[in-house]
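A.B. asks: Below is one structure. I have some questions about it.
The values are calculated or read from the model by the stated rules, or taken from the named source; none is laboratory data. Being a predicted model, the structure only gives us computed values, none of them experimental. Every residue, glycine among them, receives a Cβ derived from its backbone with ideal geometry; neighbour counts consider all protein chains shown. For accessibility, only protein heavy atoms count, side chains too; no ligands or nucleic acids. Shrake-Rupley method; radii C 1.70, N 1.55, O 1.52, S 1.80 Å.
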Amino acid sequence: MSAQSSAAASVSATVAEIERVLTRVAYLAGRSRQHDRLMAAAGLTLDRAAVAILRHISESEPLRPGVLAVRLSVEASHVTRQIRQLERGGYVVRVADPDDRRAQRVQLTEVGAAAVDRIREVGRQGMGMALVDWSDEDLGQLAALFRRLVDDFVTHAEDPLEVPAAL
């Protein structure tokens, strides 16, 4: 094996390990039991889909339901159902779209903003517990690498994937 192919195999193995670890982190963070603990600590009874919608709305201007569905990569009907439930709970309201009076956007209410704040605070506490033994330097490095990872994912989100031929 040449030095170049050995280096490529090492990079490939490292990328495979990163993908494996990120998949595990996503699983651990997204599992039902973890969500239930988060909701109990926050004093809320929202399901995971509702929390995703609230978080997303909180990080942007009011959005049309269809735009939310695209950004969350889910069917528009799922978002519409969740928005109705969130409206009934007082977490969101529909407002006129300033660009098209026939359309509506969804925005957080004070109740919704407070719920997102509680969810974030409880999430930070859990994260803090998991990282309590990490040095400030390690935490800073991890945060910087995660920011870079997210930026690179966004940059390359639409790039075509090259799937290797079947073995």
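A.B. asks: Just one of (1) free of Cβ contacts under 8 Å to residues at least 40 places away in the same chain; (2) in a helix (DSSP H, G or I); (3) surrounded by 14 or more Cβ atoms within 10 Å (Cβ to Cβ) trips up V116, so point out which.
C.D. replies: (1) is the only condition that V116 fails.
A.B. asks: Hey, S32 hits all of (1) modelled with pLDDT under 90; (2) surrounded by 13 or more Cβ atoms within 10 Å (Cβ to Cβ) but one; which does it fall short on?
C.D. replies: (2)
A.B. asks: Can you work out which of the residues in the stretch 19-29 that are among the aliphatic types (A, V, I, L, M) and surrounded by fewer than 11 Cβ atoms within 10 Å (Cβ to Cβ) is farthest from V79 (Cα to Cα)? Walk me through it before giving the result.
C.D. replies: Kept after step one, since they are among the aliphatic types (A, V, I, L, M), are these residues of the stretch 19-29: 21-22, 25-26, 28-29.
From what's left, surrounded by fewer than 11 Cβ atoms within 10 Å (Cβ to Cβ): 21, 25-26.
On the way: V21: 29, V25: 25, A26: 21 Å.
Across the stretch 19-29, the extreme among qualifying residues is V21.
A.B. asks: Here's a follow-up. Output yes when any residue across the stretch 83-95 is surrounded by fewer than 13 Cβ atoms within 10 Å (Cβ to Cβ), more than 23 Å from L38 (Cα to Cα) and out of contact with any Pro (no Cβ under 7 Å at 6 or more places or on another chain), and no when none is.
C.D. replies: no
A.B. asks: For the condition open to solvent by less than 50 Å² (accessible area, probe 1.4 Å) and in a loop (DSSP other than H, G, I, E, B), what is the one hit in L54, L38, L44, L68? Step through it out loud before you land on a result.
C.D. replies: Working: L54 fails: in a loop (DSSP other than H, G, I, E, B); L38 fails: in a loop (DSSP other than H, G, I, E, B); L68 fails: in a loop (DSSP other than H, G, I, E, B).
One residue alone meets the criteria, L44.
A.B. asks: Regarding A143, is this residue under 17 Å from the mean Cα position of the chain (by Cα) and open to solvent by less than 60 Å² (accessible area, probe 1.4 Å)? Can you show your working first?
C.D. replies: Values: under 17 Å from the mean Cα position of the chain (by Cα): yes; open to solvent by less than 60 Å² (accessible area, probe 1.4 Å): yes.
Yes: the conditions hold for A143.
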